[in-house]
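Notes to accompany the following structure.
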Amino acid sequence: MRKLPAIATGGLLVGGALIAIGLGRGAAQTADGVPATTAASVPRPDPVPVANLTFDAAARSATTLPRLYSLLVSVDGELRAEHYFNGATAARATNIKSASKSIISTLVGIAIDRGHIKGVDEPLARFFPEYLRASPDKAAITIEDLVTMRSGLETTSNRNYGRWVQSGNWVRHVLERPMVDRPGGRMIYSTGSTHLLSAILTKATGTTTAAFARSALGDPLGISFGGWTRDPQGIYLGGNEMSMRPRDMLRVGDLYLDEGRHSGQQVVSEAWVRTSIEPRTVSRFGNREYGYGWWIRELAGRPVYYAWGYGGQFIFIVPSVRTVAVVTSVSTPGSERREHLDAVYDLIEEHVIRVAATAFPDEGS
């Protein structure tokens, strides 16, 4: 299985993995003048066969989280752990909340691959001229601005979300928001931006976003999409209120791990996958990096790309150890929500990534 490139945060990037730089003239020495031992000279342990990996500690840790519904782990395309909690089952779909923004991004990439959309530089003027004739700044907003949350439009999320979804026309409401930054400027997290992408997919493909998702992503991967909210005009909500089963979420993660391929078929282009996980902007919430609908951070010293939804809905992709992990959780508000998120990150870091790394000791961190 091919794997996504790691994003270098230090050292030398070779073949997608960080390696130590060997000693040369003027290299570090001990007090006796003997060259210091380098990381490259330290013998690495033999790799643990993927079939022998166990994630029992992860499962035990998961049982202590009252908001957790599921934990699934695949390594090198093999399902190595699958656990359900608090009444959840494999057959039950979960509202993945804003993790669906990563699904919408994938659909945009497929639409571009197929020629429905010319590219990420396409402006909104092409799709919504009826709303933008008097707003040249808004008309110039591109698809890339939307998929990276840099439209410049005032957010429709957080305190503005209720007013938005109670409006009679969600697309128009988004486009009527004032410009609070220039297109391509700072990140302004807004589900309205992703909903515009759903409206664009509807216009560009000549079918609904849900129908396109089923034919372009569901059928090739053998996955399904459950309940999914529509706006008053019938456009499927881009970036929220989408239901998926955990195993189906895992297949999306494996698709990205294998650079857009599934069972030998190129479902979404390798170029789109690689472009999607390049940092484009930084959120003011925790200084997290963001690409094309995917979040980027480091866990256990390794780059991790992930879909993230309210309450703790996750698809984690860790290319350096060829691992995908899915977590679903209670999606309703609660005072313990933030504590739950911290516990999930700790679980993935300590009991998933570090265990998976034993199968790939030569990859380093």
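The values are calculated or read from the model by the stated rules, or taken from the named source; none is laboratory data. What you are looking at is a predicted structure, and each value in this text was computed from that prediction instead of being measured. Cβ sites come from the backbone with ideal geometry, for glycine too, and all protein chains shown count toward neighbours.
Just to verify a result, which residue in segment 313-345, among those that are modelled with pLDDT of 95 or more and out of contact with any strand residue (DSSP E or B) (no Cβ under 9 Å at 6 or more places or on another chain), is surrounded by the fewest Cβ atoms within 10 Å (Cβ to Cβ)?
Among residues in segment 313-345 that are modelled with pLDDT of 95 or more and out of contact with any strand residue (DSSP E or B) (no Cβ under 9 Å at 6 or more places or on another chain), the one surrounded by the fewest Cβ atoms within 10 Å (Cβ to Cβ) is D342.
Looking at H262 and the list (1) surrounded by fewer than 20 Cβ atoms within 10 Å (Cβ to Cβ); (2) assigned by TED's automatic domain parsing to the domain that holds L107; (3) closer than 23 Å to I317 by Cβ, which single condition is not satisfied?
The single condition H262 does not satisfy is (2).
Table: residues versus (1) out of contact with any Pro (no Cβ under 9 Å at 6 or more places or on another chain); (2) not small (G, A, S).
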| residue | (1), (2) |
| --- | --- |
| A134 | yes, no |
| A139 | no, no |
| N158 | yes, yes |
| G184 | yes, no |
| G192 | yes, no |
| T207 | yes, yes |
| G218 | yes, no |
| R230 | yes, yes |
| M249 | yes, yes |
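Could you check, for segment 67-75, whether at least one of its residues is in the same structural domain as Y236 (by TED's automatic domain parsing) and either out of contact with any strand residue (DSSP E or B) (no Cβ under 9 Å at 6 or more places or on another chain) or more than 30 Å from G206 (Cα to Cα) (or both)?
Step one: list which residues in segment 67-75 are in the same structural domain as Y236 (by TED's automatic domain parsing), which gives none.
So far as segment 67-75 goes, no, none of its residues is in the same structural domain as Y236 (by TED's automatic domain parsing) and either out of contact with any strand residue (DSSP E or B) (no Cβ under 9 Å at 6 or more places or on another chain) or more than 30 Å from G206 (Cα to Cα) (or both).
Does A134 fit the bill of being over 19 Å from the mean Cα position of the chain (by Cα), surrounded by fewer than 20 Cβ atoms within 10 Å (Cβ to Cβ), farther than 28 Å from G291 by Cα and outside the structural domain of G312 (by TED's automatic domain parsing)?
Values: over 19 Å from the mean Cα position of the chain (by Cα): yes; surrounded by fewer than 20 Cβ atoms within 10 Å (Cβ to Cβ): yes; farther than 28 Å from G291 by Cα: yes; outside the structural domain of G312 (by TED's automatic domain parsing): yes.
Criteria met by A134.
Would you please name the residue that is farthest from G119 (Cα to Cα), looking only at residues in segment 253-293 that are among the aliphatic types (A, V, I, L, M), part of a helix (DSSP H, G or I) and in contact (Cβ under 8 Å) with a residue 24 or more places away in the chain? Explain how you work it out, then say what you get.
Applying the first criterion (among the aliphatic types (A, V, I, L, M)) to segment 253-293 yields 255, 257, 267-268, 271, 273, 277, 282.
Remaining after also requiring part of a helix (DSSP H, G or I): 255, 257, 271, 273.
Cutting the leftovers down to in contact (Cβ under 8 Å) with a residue 24 or more places away in the chain gives us 255, 257, 273.
Values: L255: 21, L257: 23, V273: 14 Å.
Among those residues, the one meeting the criterion is L257.
Could you figure out which of (1) modelled with pLDDT of 95 or more; (2) in a loop (DSSP other than H, G, I, E, B) isn't true of A134?
Only one criterion in (1) modelled with pLDDT of 95 or more; (2) in a loop (DSSP other than H, G, I, E, B) is unmet by A134, namely (1).
How many residues does segment 55-95 contain that are on the phi < 0 side of the Ramachandran plot and either among the charged types (D, E, K, R) or part of a loop (DSSP other than H, G, I, E, B) (or both)? Steps first, answer last, please.
Looking only at segment 55-95, we keep the residues that are on the phi < 0 side of the Ramachandran plot, and these are 55-75, 78-85, 88-95.
Remaining after also requiring either among the charged types (D, E, K, R) or part of a loop (DSSP other than H, G, I, E, B) (or both): 55-56, 60, 63-67, 78, 80, 82, 85, 88-93.
The qualifying residues number 18.
Okay, residues lined up against (1) of a type outside the set (V, I, T); (2) in a loop (DSSP other than H, G, I, E, B):
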site	(1), (2)
T328	no, no
T332	no, yes
R338	yes, no
L341	yes, no
L347	yes, no
E350	yes, no
R354	yes, no
T358	no, no
D362	yes, no
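Quick check on my filter: what residues within segment 90-121 are among the acidic types (D, E) and without any contact (Cβ under 8 Å) to a residue 60 or more places away in the chain? Steps first, please.
Applying the first criterion (among the acidic types (D, E)) to segment 90-121 yields 113, 121.
Residue satisfying the conditions is D121 alone.
Just give me the residues in segment 165-211 being in contact with a Gly (Cβ under 6 Å, 6 or more places away or on another chain), touching a residue at least 40 places away in the same chain (Cβ under 8 Å), buried (at least 17 other Cβ atoms within 10 Å of the Cβ) and not in a loop (DSSP other than H, G, I, E, B), in sequence order.
T191, T194, H195, L197, S198
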